[in-house]
1. Report the extension gain between K93 and K237 in nm, rounded to one decimal, defined as 0.36 nm multiplied by the number of residues separating them, less their alpha carbon distance.
2. I need I125, I200, I23, I313 ordered by Cβ neighbour count within 10 Å, fewest first.
3. Spelling out what I want: for every residue of the range 180-191, take phi, set θ = phi - 60°, compute 6.51 cos²θ - 1.76 cosθ + 1.60 (Karplus), and round to whole Hz; glycine and proline get x.
4. Any idea what the relative contact order of the chain is, in percent, if you count C-alpha pairs under 8 Å spaced at least 6 apart?
5. Nearest 20 debye, what's the magnitude of the dipole of the range 133-251 about its Cα centre given +1 on Lys and Arg Cβ and -1 on Asp and Glu Cβ?
6. Taking the Cα-to-Cβ direction at F70 and at E320 and moving 7 Å from each Cα, how far apart do the two end points lie in nm?
7. Once R0 is set to 25 Å, what does the formula 1/(1 + (r/R0)^6) return for the Cβ-Cβ distance between E245 and K140, expressed as a FRET efficiency to the nearest 0.05?
8. Label-point separation (nm) for V302 and R192, each offset 7 Å from Cα along Cα-to-Cβ?
Amino acid sequence: MVELKLGNLKKKVPKDVSKVEEIIILGAGPAGLSAALYAARAELSPLVITGMELGGQASLTNTIENYPGFPDGVGGSQLGELFQKQAERFGAKFEFDVVTEVDFNEVPFKIKTFSKEFLAKSVIISTGASPNLLNVKGEKELTGKGVSYCGTCDGWFFKDKKIVVVGGGDSALEESLFLTRFASSVTIIHRRDQLRAGKILQTRAFNNPKISFIWDSIIKEIQGDQAVKKVQLENVKTGAHSILETDGVFVFIGHTPNTNLFKSFLDMDQNGFIITNQYVKTNIPGVFAAGEVMDSHFKQVVTSAGMGAAAAIEATKYLESGD
Ligand SMILES: Cc1cc2nc3c(=O)[nH]c(=O)nc-3n(C[C@H](O)[C@H](O)[C@H](O)COP(=O)(O)OP(=O)(O)OC[C@H]3O[C@@H](n4cnc5c(N)ncnc54)[C@H](O)[C@@H]3O)c2cc1C
């Protein structure tokens with residue numbers, strides 16, 4: 001056995017534990033990468049396990065115009081690369097793997113990935129969120145054949161084609177505006193008669209000649225064989241059904257937090273978002289959560305990054321005091 005020190009606390013752990021990390025950060029979106037920067041500058045040599053999306057959801061979007069410090073906007077993936085570079089400069093380490101299992105029952109916490117097992121005195125969870133599906137007939141079968149959840153990734157394939165976008169929030173409008181660069185027309189299908197998106201985005205969308213709206217409607221089925229051909233719509237007020245021909249269906253109807261791995265350990269709300277206190281502490285001392293994994297309200301790069309920084313500051317204090 002060897003002694004593990006955590007502030008004033010001392011704990012015996014098996015000798016075969018080759019290395020216990022001070023801090024492991026799960027996820028490499030704005031929250032995780034900002035946490036990595038702050039933890040690295042506190043000389044904690046944080047290890048970031050990136051998952052599949054280095055840069056997180058932000059890397060899926062073409063331009064980010066509302067992250068301070070970039071008056072002309074910045075590419076989504078470019079911003080992620082800059083975050084990473086800055087954290088690496090101060091000693092953050094990166095493991096390009098996916099977390100498959102955790103054990104938070106005792107310190108050191110155990111984290112398994114596809115290829116390795118890690119131990120950590122503290123953990124910051126910043127695994128973000130994943131896009132919600134429509135869950136209608138044809139959606140799964142035609143994903144990658146015209147059904148998409150990322151305009152930046154797939155917009156290019158829809159040059160001079162007709163597409164529909166589902167949703168009424170910021171993402172739906174941002175993506176719709178971006179998709180007008182390629183598509184001949186973008187029809188936004190929204191289940192209500194008004195949008196949730198911010199006013200500037202609404203004005204841009206209403207003024208864009210390529211964008212039109214179908215209100216109070218949902219997609220009941222996506223039809224096509226090797227590619228999307230049409231969607232069947234239902235008007236939720238009248239119950240009337242109609243068919244709309246389209247080459248693509250882009251879905252932007254919110255996100256579900258990537259928190260399944262932590263369900264048996266951490267307190268969560270009814271939608272699966274991790275519950276933290278104002279210091280981004282979870283119910284387990286030494287485990288912190290930051291970004292969209294615990295925030296279903298702000299959902300921005302700047303707010304997620306801020307929470308990541310806060311989590312690293314709190315984790316540093318925890319490691320110093322064991323409190
Ligand atoms: C299309 C689009 C456009 C957007 N545009 C803007 C914008 O213009 N301005 C703005 O402020 N915000 C924008 N946002 C929102 C912004 O991107 C998010 O709020 C932000 O990325 C959330 O950061 P996060 O770090 O909490 O989570 P995410 O960005 O979701 O990152 C999650 C990270 O966790 C990793 N991960 C997940 N599961 C695992 C696992 N099992 N093991 C290891 N790692 C894992 C992922 O690989 C990823 O690195 C946009 C979002 C989208 C989808």
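1. Details: separation 144, 0.36 × 144 = 51.84 nm, distance 5.35 nm.
Fully extending the segment from K93 to K237 adds 46.5 nm.
2. Working: I125 33, I200 12, I23 28, I313 17.
So the residues, fewest neighbours to most, are I200, I313, I23, I125.
3. 5, 5, 10, 6, 7, 8, 10, 9, 8, 9, 10, 6
4. Working: 761 pairs, mean separation 66.2, N = 323.
The value is 21 percent.
5. On the way: 17 positive and 14 negative charges, 38 e Å.
So the dipole magnitude of the range 133-251 works out to roughly 180 debye.
6. The answer from the label model is 3.2 nm.
7. Values: r = 21 Å, r/R0 = 0.84.
My answer for the efficiency is 0.75.
8. 2.4
Computed from the coordinates by the stated procedures, all read-outs in this text should not be read as laboratory data. Just so you know, these numbers come straight off a predicted model, no measurement behind them. Every residue, glycine among them, receives a Cβ derived from its backbone with ideal geometry; neighbour counts consider all protein chains shown.
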